[in-house]
Amino acid sequence: MRHTIAECERAGHEHGLSVGLAMALAGAETAQAPGRVAAWPTSGIPSGATVVREERGVSFVRTEAGPADPEIAARLAAVRLGLTRRLAERVVEHLSARKVGGEPTIGKQLVQGALADAHVATEAARRTLTVAGDCPEAVADVHHCLTTVDWELAKLLGASGFVSVDSSGTGAMFEVHLSRLTAHCWIGAA
Amino acid sequence: MNTVDELQGLSAELATSLRPHALAVDAGEVPEIPALDIIRDIATPPDFRTSDLPKCAQLYTETCLARTAANIELSRGDAGVLNICRAPSLAGLAVDALGSAEQQEAFYRVLADERPWTFFGMTEPSVGSDATAMQTRLDKDFRLHGGKRYVANAERGGIGVVFARTGPTPLSIRAVIVRNPSPGYSGRALTMFGLRGAALGEMTFDGIEIPRTCLLGAHLPASRRGLWGAARTFNIMRLQIGAQALGVALAIADYVHQLRPQWKPLMATRLEAARELLLDCAHDVDNNPDDRRAPSIGKLHATHLAVETARWAEAALTPGGLLEHPLLEKWCRDVHAFEFMDGTSNIQRLTIGTGHDDN
């Protein structure tokens, strides 16, 4: 499982949600989703599936609710971990190019504190996934943690993270929200 | 019942007319909604209103308390729809603070005659919250050069206020009234993640000729003609943004409690406590318009709690349930918008933290 988790994180980090989701769901069926909607890679939607919504290579399809599968949820959490790391890198790049009051924004204490908190949270999340085993609550907790970290990082992008200026400048919140919606489909009910 | 309570009740009644259009506005439509005309009139100073309104409506432009109370309830209907209202908004507050009587008359005459959307151009793409570093400039020949980004109604707005530099110091940052269309003005809408009714966009100024009568603040002392003169405007607007965040959070909580009446009722109490906090902060601003801490405290808490409420709602649903409740999903996007309006959380923290030195 440790190797799979690492592979899923790498897929999310290097290739994004859609590719990572495909890896996390390898061998799975939509009916394994714990609710009535499954998040699925658009490139591999089962024939005849009813698509509720499609966004950036991820489709949300109707299905019958099944029992929650903690292994799928854990693999998906690893994918999201890779996405969170990618977002952190984007934030650092963005803030390194900006100044406030003549000083680099990246050097501001509030910014450094937020980046440090995000780094610690992702390191802890990775370890949690390697030991979570049969504890679905721990996996769900990692997902909630990543949702929180993503938002704290996205805030550092300011309004630029909230809008898409053109096709090359998609606001980070679009991806952050899609990651959250996807996770919501694969985590068991509270 | 006092007049603020009456205005709150009137706002709640108007809000019911906004809700049915929430998803359409999120999809990019701009429906004509009669309630928005009433809201627009409520948000216009009494001397420039075009219809008779209940006496309680008078308070909206007179006190921050009334404005805050009303915005909570209006946004509880739907903040996205509220933001397509052709109200004076921040531009109106700036004209109220910096404009002469003649300039106010001219500005509100345009609003009455043409019903345009208004814009407020402050933020620039490369300097964000650091307004003193803005690069947009007003030349000696009164031509405006530069650009702004993340401005509501940048594309569709017909009139607004734009801040620009006339020299190197912060005191040389001045405000002008700009009309759209004007030769040299171009506006472009940006694709928003949420709160799409606000229609954020970017505007560029390629040597727009500004009539000298449109330079605001000439009748004021040098220290209050520009940025500092508008500071009180930001205090009021910060609480209005906080009020809208809380309104969306209340809408989310209402929705969830209809689905799951027993779901963690603590949140309802926290939201009502946040209302108390916002109203107290607004009261503080009415008593001391230069108090920068109170609005920052109110906005910081309300925006944070609104995001937390969205997560609380998500946990109440069955897996994937957000996809089955589009309105709830929309509000869970909308709540994030308030973070970026009138100062991010870090800006509010710095204001609050620095203020400790004053005590």
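Across 10 Å bins from 0, what is the distribution of all Cα-Cα pair distances for chain A, in whole percents?
10, 36, 33, 16, 4, 1
For the stretch B:3-90, what mean projected area does the convex hull of the alpha carbons give, in nm²? Don't jump to the answer; show the numbers that get you there.
On the way: hull surface 20.8 nm².
With every direction weighted equally, the projected area is 5.2 nm².
Which residue fluctuates the most in chain B, going by a Gaussian network model with Cα springs under 10 Å, if the choices are B:H304, B:H336, B:H325?
The residue with the greatest mean-square fluctuation here is B:H325.
Calculated from DSSP H runs of 4 or more alone, at -39500 (n - 2.57) each and per residue, what is the 222 nm mean residue ellipticity of chain B, nearest 500? Spell out each step's value before the answer.
Numbers: 11 runs with 168 residues, N = 359.
Theoretical 222 nm ellipticity from helices: -15500 deg cm²/dmol.
Can you give the mean number of other chain Cβ atoms that lie within 10 Å of the Cβ atoms in peptide B:189-202? Walk me through the numbers before you get to the answer.
Working: counts 1, 9, 10, 7, 13, 4, 1, 0, 0, 0, 0, 3, 1, 2.
Mean shielding count: 4.
Taking H as built 1.01 Å from N, whose amide H comes closer than 5 Å to the amide H of B:G121, not counting residues under 5 places away?
The answer is B:V161, B:V162, B:F163.
Would you look at the GNM of chain A, springs on alpha carbons closer than 10 Å, and say which of A:A132, A:A33, A:A24 moves the most?
A:A132
Obtain the radius of gyration and the Kirkwood radius of the protein assembly as shown from its C-alpha atoms and give Rg over Rh. Display every interim value, and only then the final one.
Working: Rg = 24.0 Å, Rh = 24.4 Å.
On the Cα set of the protein assembly as shown, Rg over Rh gives 0.98.
Could you give the C-alpha radius of gyration of the stretch B:98-224 expressed as a fraction of 2.2 N^0.38 Å, taking N as the number of residues it contains? Spell out each step's value before the answer.
Working: Rg = 14.1 Å, N = 127, 2.2 N^0.38 = 13.9 Å.
With N residues counted in the stretch B:98-224, Rg over 2.2 N^0.38 Å equals 1.02.
Can you give me the pair-distance distribution of the stretch B:151-265, C-alpha pairs, 10 Å bins, whole percents?
Taking every Cα pair in the stretch B:151-265, the percentages come to 12, 29, 31, 15, 8, 5, 0.
Could you compute the net charge surrounding B:L171? Neighbours are other residues with a C-beta less than 13 Å from the C-beta of B:L171; K and R count +1, D and E count -1.
Values: positive: B:R165, B:R174, B:R224, B:R225; negative: none.
So the surrounding residues net to +4.
With +1 on each Lys and Arg Cβ and -1 on each Asp and Glu Cβ, how big is the dipole of the protein assembly as shown about its Cα centre, in debye rounded to the nearest 20?
Details: 54 positive and 64 negative charges, 200 e Å.
Taking the Cα centre of the protein assembly as shown as origin, the dipole is about 960 debye.
Give me, ordered by chain and number, the residues 5 or more places off A:G171 or on other chains with an amide H under 5 Å from its own placed amide H.
Correct list: A:V163, A:S164, A:V165.
Read phi for every residue in the stretch A:27-44 and hand back ³J(HN,Hα) as whole Hz from Karplus 6.51 cos²θ - 1.76 cosθ + 1.60, θ = phi - 60°, with x for Gly and Pro.
So the Karplus estimates, Gly and Pro as x, are x, 8, 10, 4, 5, 7, 5, x, x, 8, 10, 10, 8, 9, x, 4, 5, x Hz.
For chain B, take the alpha-carbon Rg, divide it by the Kirkwood Rh, and send me Rg/Rh.
Numbers: Rg = 19.8 Å, Rh = 20.6 Å.
In chain B, Rg relative to Rh is 0.96.
Give me the Å³ per residue figure for the convex hull around the C-alpha atoms of the stretch B:230-358.
Numbers: hull volume 12.7 nm³, N = 129.
Value for the stretch B:230-358: 98 Å³ per residue.
For chain B, modelled as a GNM with alpha-carbon contacts under 10 angstrom, which of B:L195, B:L14, B:L246 fluctuates the most?
B:L14
Mind listing the phi-derived Karplus ³J(HN,Hα) values for the stretch A:3-15, rounded to whole Hz, using 6.51, -1.76 and 1.60 with θ = phi - 60°, and x for any glycine or proline?
In residue order, the calculated couplings are 5, 4, 4, 5, 5, 5, 4, 5, 4, x, 5, 8, 10 Hz.
Give me the log10 of I(q) over I(0) for the stretch B:247-303 at q = 0.15, 0.21, 0.26 Å⁻¹, as the Debye formula computes it from C-alpha points; what are the numbers?
-0.50, -0.76, -0.97
Since every read-out is calculated from the coordinates, none of them should be taken as a lab result. These numbers were taken from a predicted model, which means no experiment stands behind them. Methodologically, a virtual Cβ is constructed for each residue, glycine included, from the backbone with ideal geometry; neighbour enumeration extends over all protein chains shown.
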